[in-house]
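Just so it is clear, none of the values below were taken in a lab; they were calculated from the coordinates. In this text, all values refer to a predicted model and were calculated from it rather than measured experimentally. A quick note on method: Cβ atoms are made from the backbone with ideal geometry, for glycine too, and the neighbour counts reach across all protein chains shown.
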Amino acid sequence: MDRRLNSEQLLDKWEKRRAIQNLMVKFFSQDYLLRREKDMYKNYWSKADDVCLAVNDGAYKGKDAVKGYYKAIEERTKLESSLIQKKYPTRLGDKTPEEVYGAGIMDMKALTAPVVEIAGDNQTAKGIWTIHGMNTKLTPGGQVSDWERGYVAADFVWEGDTWKVWHLLYVQDLDHASGYSWEEPEPVFPEDPVYAPVKEFHFPEPNVKKTVFEKYRADRPLQAPPAYPEPYETFSETFSYGM
Amino acid sequence: MGKQYYTDDELVERLWDYEDVKQLMAKHFYCYAGDERRKELNDLWVRLPQNRRTASLGVNTGFYTGMEDISNYYVVQLSDLRYSQLKPFCDADPSLDYGKNNLGRGILNNSAVYSPLLHIAEDGKTARYMCYIQGARAVGHADGSADCRFMFGLVYADLMKEQGEWKIWHLIITNDHAIPAGKDYGDYPEWKDSFGTTGQNGPLRVHHDPNNSYTEEELGTPTVQRTVYDPFFGWEHLYEDMPHPYYTLNPLHDYGPEGDFGMPYYERERRNV
Amino acid sequence: MGLSFKERLHQALGVQEIERLKIYHAYVHSVSYEREEFDKIWFKGENSTWTHWFGMMQGFEMIYYNHTMGEGHMGVLDTYEKADTDEFPSFRGGDVRSVGSSGLHGLTECYIEMAKDGKSGRLWAMTAGVMMDTLGHPKVRGEKGPYAKFGEASWEYYGADFVYVDGEWKYIHESVVPVFHNRYDGENMGQRQYKVTDDNPEHTLWRGIPCRVGVKGPLAQMYDVYQPVQHLLQECPEPYDHLDDEHSYSPGHNELK
């Protein structure tokens, strides 16, 4: 608690902090589960030109790159949905592409351990959360569920009357098929001809190539979580979760 | 509806106390995950001499008490362990420096922190906290193999406000289940009851069960050796142990070695008398 | 019109109290302390509802009965059975509700929206639950041995409504959407479902209605390999003025009676 502030200011700051909590739960827990990648950029991201989404092996820097990241998720989902529809014609054959979008795949991402700081000038904020997920994706061998462990950290900027994501760091400590030890190679299951086309899909590379965070392997160097934010006055005083 | 008990200013302070305590404990888990334990003890734990003497860290098999013992176990012994874990990597690859920059090689230590329950004392001086950890821990080996486990357990803490800042005073990290990745828990050996020799009906146990919990070297030799948590009996005393609304911290029931955490019901009753 | 400082403070404290109630529920439920939940934190009216995919319990009496006489007692009887044999004598004299328990519907961070009138709050959250049994679970008995250990991830999500009555926040609606189970850690849930459905295209996860309900399910779907995205029953709440059928996880049950 910032003891320089009066109760009115402290309550205002508390409400701004709470708004960030709500934003992140909706973004990562609800909207990934409900396959709302189409609207993620529009709903959560800042209008700033220097938006940045950093992942394990680099960063999508700038508006077009970040938009392209979500567009790629959307395209992959469309492909997966169409193949699943083809696989289960009795159950899904009569559905429109919109109705079948996201069928049979699922990202479930639990957010815990928030550390959030609102800048003294109230113009920006920073936060970090732990992500624990189970994501079920389509492979040529059918659906495979992966345990996910990782961190999401963000710089937020106050735009109009709401917080928007400015820089996002979303890194995975672990992303491995459940039922298999984490140092083992990912399992490969016998190919289902209906699902073979998923291997043709390639996700766009980050436009900034850099090892940001290494996923677990038996000889991985120590990967400490991203730094949690400390209290700060204005953004120029602190570090950035962007690249 | 009763009359307002606290002033608005006090309520705002308590509003922030809740967030600050929750956030302080979240920071503990980030430090824990990154082996940044010196930073944790320096930044997050009590600083006043009288509180450093009575600070404690509980594990399944006992309590480390006082900051000297806590630091020796939590930082120094971990560093020794990390050096011993690094050695085989350096033996296998002579170009790899056997030094502090390579500590933590092959280690994964990720804690998802669920259900943080906390209450601030009515007197505003202390807070009590509890959460449930679903951890992922791995220790890699130079031959490419690794011991990868899901680690589960409840964590409890008493926190204290020192000069306006919340600090960790008593911390207990229990462990219930340590399930190897890729293996069914049902394939573990079944537990045999040893009536009269442990816990509920016998003396408090000071050894750990190798099929559950951290390894013996990870648990070390606590200053006060007694049962703090016995996975066999599970959460029998969870309701008594969890934080409830309270006026001021009662040392008989705190999360330090003087408290009754981990004791069977008859010991607790005797102390209450 | 904007809210006064006092009204905003009431809402902020309400957010924390609602989060705390939800977490308190998770812990007391984990040790079958059903009285400590239902006697203390629920609104005791006919519009209290508790919903799962198998159906909706309507009214406090039905909710209380199902939890105290049904689910809670099954766990207790199971513990009695273990202690009554000579296998686990140490459990004798223990609290049969909680001894040996160690599983929890672990609650994630919550989305919480408070009504402008200050009389209700709405919560959305996930649970990454774990069902644990160190001394044998009915699901694995016979399969792995009588007292084989058991661990399972049981993930769900919740929509819950709370009301402010006589100076206290109380639960009025709980709606649970189960999503998946995955055994620790000898299986891959997605691959299991894929194979089961490949072997039997008529495969369904529906297990019927295990208890007395007012509205029979299915009211939601668990994850399945052909399941359309779960635009299910609950989404994070929108800003709202007061609890009503448009802003509730239990339309039709929003009068305080």
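Counting lysine pairs in chain C that sit 8 or more residues apart in sequence, or on different chains, and whose Cα atoms lie under 16 Å apart gives 13. Plainly put, segment A:179-226 has a radius of gyration that is 1.07 times its Kirkwood radius, both from alpha-carbon atoms, as the Rg/Rh ratio. Evaluated at q = 0.11, 0.13 Å⁻¹, the base-10 log of the normalised Debye intensity for segment B:1-96, with identical point scatterers placed on the Cα atoms, takes the values -0.52, -0.66. Distance from the Cα centroid of segment A:1-38 to that of segment C:131-194 is 28 Å (rounded to whole angstrom). Each other residue within a Cβ distance under 12 Å of B:Met25 adds +1 if Lys or Arg and -1 if Asp or Glu, for a net charge of 0.
Taking 2.2 N^0.38 Å as the expected size of a compact globular protein, what ratio does the Cα radius of gyration of segment A:22-79 give against it, to two decimals? Kindly include the intermediate steps, with their values, before the conclusion.
Numbers: Rg = 11.4 Å, N = 58, 2.2 N^0.38 = 10.3 Å.
Output field value: 1.11.
Across peptide A:140-147, the mean count of Cβ atoms from other chains lying within 10 Å of each residue's own Cβ comes to 6. A viscosity of 0.890 mPa s and a temperature of 25 °C, combined with the Kirkwood radius over C-alpha pairs in the Stokes-Einstein formula, give segment A:70-198 a diffusion coefficient of 142 µm²/s. Our summary of shape: the Cα atoms of segment A:51-146 have principal axis extents of 58, 30, 25 Å, ordered from largest down, in whole angstrom.
Among C:Pro218, C:Pro201, C:Pro239, the residue with the largest mean-square fluctuation in a Gaussian network model of chain C, with springs joining Cα atoms closer than 10 Å, is C:Pro201. The C-alpha atoms of segment C:32-155 occupy a region whose extents along the principal axes are 58, 27, 25 Å, arranged from largest to smallest. Relative to the Cα centre, the charge distribution of chain A, modelled as +1 at Lys and Arg Cβ and -1 at Asp and Glu Cβ, gives a dipole magnitude of about 380 debye.
Within chain A, what is the longest stretch that has no chymotrypsin sites (Phe, Trp or Tyr not before Pro) placed in a DSSP loop and near at most 15 other beta-carbon atoms within 10 Å? List each step's numbers first, then the result.
Working: sites that count: A:Phe201, A:Phe239.
My reading of the result: A:1-200 is the longest stretch.
Annotation: amide H-H contacts under 5 Å for B:Glu162 (H modelled 1.01 Å from N, sequence separation of 5 or more, or interchain): B:Lys167. In plain terms, if you count all Cα to Cα distances in the protein assembly as shown and split them into 20 Å steps from zero, the share in each step is 16, 52, 31, 2 percent.
Computed from phi, the 3J(HN,Hα) profile of segment C:93-100 under the Karplus parametrisation 6.51, -1.76, 1.60 (θ = phi - 60°) reads x, x, 7, 5, 6, 10, 5, x Hz, with x in place of Gly and Pro. Between C:Leu256 and C:Leu205, full extension at 0.36 nm per residue minus the direct alpha carbon distance yields a gain of 14.8 nm. Spread over its residues, the convex hull of the C-alpha atoms of chain C is 141 Å³ per residue. When the P(r) of segment C:187-238 is calculated, the portion above 16 Å amounts to 56% of the C-alpha pairs. The rule of thumb for compact globular proteins, 2.2 N^0.38 Å, goes into the C-alpha radius of gyration of segment C:122-213 1.44 times. The calculated P(r) of segment C:51-103, using every Cα pair and 10 Å bins from 0, goes 23, 39, 25, 13, 0 in percent. Once the Cα atoms are used to define both axes, helix A:63-87 deviates from the longest principal axis of chain A by about 30 degrees.
For chain A, how big is Rg over Rh, using alpha carbon atoms and the Kirkwood form of Rh? Spell out each step's value before the answer.
Values: Rg = 19.7 Å, Rh = 19.5 Å.
That ratio is 1.01, to two decimals.
At 222 nm, what helix-only mean residue ellipticity would chain C give, in deg cm²/dmol to the nearest 500, using -39500 (n - 2.57) for each DSSP H run of four or more? Walk me through the numbers before you get to the answer.
Working: 5 runs with 64 residues, N = 257.
One gets -8000 deg cm²/dmol as the mean residue ellipticity at 222 nm.
Restricting segment C:13-77 to trypsin sites (Lys or Arg not before Pro) that sit in a DSSP loop and have at most 16 other Cβ atoms within 10 Å of their own Cβ leaves C:Lys44.
Size descriptors for segment B:142-186, from the alpha-carbon set: Rg then Dmax equal 17.3, 51 Å.
With the simple spin-label model, which puts each label point 7 Å out from Cα in the Cβ direction, the C:Glu168 to C:Asp39 separation comes to 1.2 nm. In segment B:24-177, Rg over Rh equals 1.02, where Rg is the alpha-carbon radius of gyration and Rh the Kirkwood radius from pairwise Cα distances. Treating each Cα of chain B as an identical point scatterer and summing with the Debye formula, the log10 of I(q)/I(0) at q = 0.08, 0.15 Å⁻¹ comes to -0.36, -1.18.
For B:Gly234, the residues whose amide H sits under 5 Å from its own are C:Gly100, ignoring neighbours fewer than 5 places away on the same chain, with H placed 1.01 Å from N. Considering only C:Ile18, C:Ala128, C:Ser250, the residue lying farthest towards the positive end of the dipole of chain C is C:Ala128, judged by Cα position with unit charges set on Cβ. Working note: Karplus 6.51/-1.76/1.60 with θ = phi - 60° gives segment A:153-168 the couplings 10, 8, 9, 10, 10, 7, 10, x, 10, 8, 7, 10, 6, 9, 10, 10 Hz, where Gly and Pro are set to x. Could you work out how far helix B:8-33 tilts from the main Cα principal axis of chain B, as a 0 to 90 degree angle to the nearest 10? For helix B:8-33, the angle is close to 10 degrees.
How big is D for segment B:81-128, in µm² s⁻¹ as a whole number, if Stokes-Einstein is applied with the Kirkwood radius of its Cα pairs at 25 °C and 0.890 mPa s? For these conditions, the coefficient is 172 µm²/s. Net charge near B:Leu48: determine it from the other residues with C-beta under 14 Å of the C-beta of B:Leu48, scoring Lys and Arg +1 and Asp and Glu -1. The answer is +4.
When the dipole is taken about the Cα centre of the protein assembly as shown, and only Lys, Arg (+1) and Asp, Glu (-1) are charged at their Cβ, what size is it in debye, to the nearest 20?
The calculation lands at about 500 debye.
Separation of segment A:48-112 from segment C:39-88 is 40 Å, based on Cα centroids. Our helix-only sum for chain A, with -39,500 (n - 2.57) per DSSP H run of n ≥ 4 divided by its residues, gives a mean residue ellipticity at 222 nm of -7500 deg cm²/dmol.
Between beta-carbons, use under 12 Å as the cut-off and find the net charge around C:Phe5, counting Lys and Arg +1, Asp and Glu -1.
On the way: positive: C:Lys6, C:Arg8; negative: A:Glu8, A:Asp12, A:Glu15, B:Asp8, B:Asp9, C:Glu7.
Summing Lys and Arg as +1 and Asp and Glu as -1 gives -4.
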